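Structure first, commentary second.
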Amino acid sequence: MRRLAWHVAKLAEIRDETPTARTLVLDIPGWPGHLAGQHVDVRLTAEDGYSTQRSYSIASAADGERVDLTVQRVADGEVSPYLTEELRPGDELEIRGPVGGWFVWRPDGTRPVLLVGGGSGIVPLMAMIRAREQAGSRTPFRLLYSLREPGERYYAEELRKPISGLDVTYLYTRVVPDGWARPAGRVTVADVNTGGWPAEFRPECFVCGPTGFVETVSDILLAMGHDATAIKTERFGPTGG
Amino acid sequence: MGFISRGFRGRPRDEGVKLPPGQYLVHDFPVLSAGPTPRVPLDRWEFAIDTEDGKTHRWSWQELMALPSETPTVDLHCVTKWSKLGTAWKGVSLDTLFADVESSAEYALVYSYGGYTTNLPVEDLLDGKAWITYEFDGEELAPAHGGPARLLVPHLYLWKSAKWVQGIRLLNEDWPGFWETAGYHNYGDPWREQRYQGD
Ligand SMILES: Cc1cc2nc3c(=O)[nH]c(=O)nc-3n(C[C@H](O)[C@H](O)[C@H](O)COP(=O)(O)OP(=O)(O)OC[C@H]3O[C@@H](n4cnc5c(N)ncnc54)[C@H](O)[C@@H]3O)c2cc1C
């Protein structure tokens, strides 16, 4: 069996998404390609040989040897501050992947798709949106994107432009823009009911974000009658219940 | 000279703690699962061992509670890289559950409420290496962590410790489970860093 190899990626470009999150555009010679929703393992090694690994979702659709990751800086984190503050273009990074064959959307899928992301949980969902566009797919997509405030939106420009067949709903939990109808608050049944799909449409549901968020949203989907096997989840979370 | 990440120092190392390669220490308890958390009412809960000859041994919740329990304190290693040390559990040893099971099968497929499966050799379930647990840290096991009961096989990566465990099917041939079919390692020994197929 072929081992998943470690690749040496080179940071080609940095795009700031928010003051605390950036997209790392990587060139990875020998990259085998990936499916939307998969992630990579990143390994950092210090001069004394100490090394540590973390997982990061791929944000981009397959594009040769180019791979985008978007990393949220976690205060006091060991790896994310390095990736978001220290790393600069030209630096190299050890990467292995793609990993994960379950939380993936394939462009030949025909069932409607519901994407529900909390915070950096948007990352693998964005890869699905991009893969859909790249394939010229007409599969109807709906995105529910929960985040604290408008300034924390990732991919803001790209999602502002209307994409045919994609509905985007922002759910702000702390601060809303002026004149915004929905008061700030955590995701509710009403949000999923309004911004999602009826269970009879048998959508594929992808839910990604912190553990508590994923638990809440998947419980709501079950209560609305969605089939448990149609709900795929990815928990980035720090803490569990 | 191996690869060095320019400017990476890492956290100050606690030299006293030895972790499997590629793992880091956490103090909270992260959650990993592929779908929604199933809720299993205790009056309908049941645990089964199905042998290769088609015989089934069953335990209701009351029957499980009536069995002698153990309180293992073990280290957990999740394939998503975190390790949590010294976790305290309460449950029934699989040696107890297997006491009256007649089988010469070498493989086990563990299955869960909600449809999850994972496979491992039968010998990894025996001789004090595995439990059906129902308490964590002195409290009943939360659904997100696999309650009412989960398998605990701490010497393998945590995905082998099936949450919401429903039964164990004994087989003469190895049958890959959910993550094992999705590209993860068939055995999953953290000390040999067997994360993915081919590792
Ligand atoms: C499959 C998978 C995909 C992932 N994809 C992404 C991704 O696309 N983008 C991304 O930014 N992260 C992603 N993560 C999370 C990532 O792997 C790291 O956990 C995260 O970057 C924190 O690492 P760290 O070394 O900076 O913090 P650590 O040193 O590991 O932790 C420091 C402290 O922060 C807490 N903490 C850890 N993670 C978070 C968090 N997400 N939010 C708040 N507090 C936290 C810890 O509990 C700890 O107390 C993913 C995780 C998984 C399992």
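The values are calculated or read from the model by the stated rules, or taken from the named source; none is laboratory data. The model shown is predicted, which means the values in this text are computed figures rather than measured ones. Please note: Cβ atoms are built from the backbone with ideal geometry, for glycine as well, and neighbour counts cover all protein chains shown. In case anyone asks, the SASA skips ligands and DNA or RNA and just uses the protein heavy atoms, side chains included. Shrake-Rupley method; radii C 1.70, N 1.55, O 1.52, S 1.80 Å.
Rounded to the nearest 100 Å², what's the accessible area chains B and A bury against each other, both chains counted, probe 1.4 Å? List each step's numbers first, then the result.
Working: alone 10930 and 12140 Å², together 19440 Å².
When B and A are taken together, about 3600 Å² of accessible area is lost.
I'd like the FRET efficiency for residue B:199 and residue A:55, computed as 1/(1 + (r/R0)^6) with the beta carbon distance as r and R0 of 22 Å, rounded to 0.05. Show your work: numbers first, answer last.
Working: r = 15 Å, r/R0 = 0.70.
Given R0 = 22 Å and the Cβ-Cβ separation, E is 0.90.
Compute the separation of the alpha-carbon centres of segment A:133-148 and segment B:32-63 and state it in Å as a whole number.
One Cα centre to the other: 38 Å.
Under a Cβ-only charge scheme (Lys and Arg +1, Asp and Glu -1), can you give me the dipole magnitude of the protein assembly as shown about the Cα centre, in debye to the nearest 20? Intermediate values should be presented prior to the final figure.
Numbers: 46 positive and 60 negative charges, 275 e Å.
In total the dipole reaches around 1320 debye.
If I compute solvent accessible area with a 1.4 Å probe over the protein chains, what percent of it on segment A:113-236 is carbon and sulfur?
On the way: 2790 of 5410 Å².
With neighbouring chains kept in place, the figure for segment A:113-236 is 52 percent.
If you roll a 1.4 Å probe over the heavy atoms of the protein chains, what accessible area per residue do you get for segment B:96-199, in Å²?
Normalised by residue count, the accessible surface of segment B:96-199 is 39 Å².
What average number of partner chain Cβ atoms lie no more than 10 Å from the Cβ of the residues making up B:18-30?
On the way: counts 0, 1, 0, 2, 6, 2, 5, 0, 2, 1, 5, 5, 7.
The per-residue average across the peptide is 3.
Show which aspartates and glutamates lie in cross-link reach of residue B:18 when reach means a straight Cα distance below 20 angstrom and same-chain residues fewer than eight apart are skipped.
Leaving aside aspartates and glutamates fewer than 8 places away in the same chain, those within reach of residue B:18 are A:47, A:48, A:78, B:28, B:75, B:189, B:193.
Only Lys, Arg, Asp and Glu count, each charged at its Cβ (+1, +1, -1, -1), so figure out the dipole size of segment A:6-99 about its Cα centre, rounded to 20 debye.
Once rounded to the nearest 20, the dipole reads 260 debye.
On a 0 to 90° scale, report how tilted helix A:122-135 is relative to the longest principal axis of chain A, with both axes built from alpha carbons and the result rounded to the nearest 10.
For helix A:122-135, the angle is close to 90 degrees.
Taking the Cα atoms of chain B alone, what are Rg (to one decimal) and Dmax (as a whole number) in Å?
Considering chain B through its Cα atoms, Rg and Dmax are 17.6, 60 Å.
Output the antiparallel fraction of DSSP beta bridges having both residues in the protein assembly as shown, as a percent to the nearest 5. All intermediate terms of the calculation are to be shown ahead of the outcome.
Working: 65 of 93 bridges.
The antiparallel proportion sits near 70 percent.
More than 35 angstrom separation, counting every C-alpha pair in chain A; what % is that? Could you put the intermediate results ahead of the total?
Working: 3590 of 28920 pairs.
Roughly 12 percent, rounded to a whole number.
Under a straight-distance cross-link criterion of Cα-Cα below 22 Å, which lysines are reachable from residue B:90, leaving out those fewer than 8 residues away in the same chain?
Within reach: B:129, B:160, B:163.
Subtract the Cα-Cα distance of residue B:100 and residue B:56 from 0.36 nm times their separation in residues, and report this length gain in nm to one decimal. Please list the in-between numbers first.
Values: separation 44, 0.36 × 44 = 15.84 nm, distance 1.12 nm.
Gain in length upon complete extension: 14.7 nm.
May I ask you to evaluate 6.51 cos²θ - 1.76 cosθ + 1.60, the Karplus curve with θ = phi - 60°, for each residue of segment B:92-98 and list the ³J(HN,Hα) values in order in whole Hz, giving x for glycine and proline?
9, 5, 5, 4, 5, 5, 8
Can you give the accessible area per residue of segment A:113-236, in Å², using a 1.4 Å probe? Mind showing how you got there, number by number?
On the way: 5410 Å² over 124 residues.
Computed with neighbouring chains in place, this is 44 Å² per residue.
Karplus couplings for segment A:13-18 from phi (6.51 cos²θ - 1.76 cosθ + 1.60, θ = phi - 60°), rounded to Hz, Gly and Pro as x?
Each residue's phi maps through the Karplus curve to give 7, 10, 10, 6, 8, 9 Hz.
Through the Karplus equation 6.51 cos²θ - 1.76 cosθ + 1.60, θ set to phi - 60°, convert the phi angles of segment B:108-117 into ³J(HN,Hα) values in whole Hz; use x for Gly and Pro.
Whole-Hz 3J(HN,Hα) from phi for segment B:108-117: 10, 10, 8, 10, 10, 4, x, x, 5, 9.
Percent of accessible area on chain B owned by carbon and sulfur, 1.4 Å probe?
Working: 4410 of 9010 Å².
Carbon and sulfur atoms account for 49 percent of the accessible area of chain B.
Mind checking the angle between helix A:211-223 and chain A's longest principal axis? C-alpha axes, 0 to 90 degrees, to the nearest 10.
30 degrees
Taking a spot 7 Å from the Cα of residue A:18 along the direction of its beta carbon, which residues of segment A:146-173 have an amide N less than 14 Å from it?
Residues A:146-157, A:170-173 qualify, since their backbone N sits under 14 Å from the label point.
Amide H of residue B:167 versus every other amide H placed in the peptide plane: which residues, excluding those fewer than 5 positions away on the same chain, fall under 5 Å?
Amide H to amide H, under 5 Å and 5 or more residues apart or across chains, residue B:167 pairs with B:48, B:111.
Near the amide H of residue B:82, under 5 Å away, which other amide H atoms are found, from residues 5 or more places off or on another chain, if H is placed in the peptide plane?
Those lying under 5 Å, H to H, from residue B:82 are B:24.
Can you list the residues, at least 5 places off or on another chain, whose amide H is less than 5 Å from the amide H of residue B:184, using H built in the peptide plane?
Answer set, sorted by chain and number: B:197.
Once the Cα gyration tensor of the protein assembly as shown is found, what semi-axes does its equivalent ellipsoid get, as square roots of 5 times the eigenvalues, in whole Å, sorted largest first?
37, 27, 20
Roughly what % antiparallel, to the nearest 5, for the DSSP beta bridges in segment A:85-224?
On the way: 0 of 18 bridges.
Just about 0 percent of them are antiparallel.
Just to verify a number: FRET efficiency for residue A:189 and residue B:27, C-beta to C-beta distance, R0 = 35 Å, to 0.05? Could the numbers behind the result be given before it?
Details: r = 33 Å, r/R0 = 0.96.
It comes out at approximately 0.55.
Using Cα pairs under 8 angstrom and six or more residues apart, how large is the relative contact order of segment B:43-173, in percent? Before the final figure, lay out each step's value.
Numbers: 279 pairs, mean separation 38.9, N = 131.
Once divided by the residue count of segment B:43-173, the mean separation gives 30 percent.
Taking Cα pairs under 8 Å and at least six residues apart, what relative contact order does chain A come out at, in percent? Kindly include the intermediate steps, with their values, before the conclusion.
Values: 510 pairs, mean separation 43.5, N = 241.
Relative CO of chain A lands at 18 percent.
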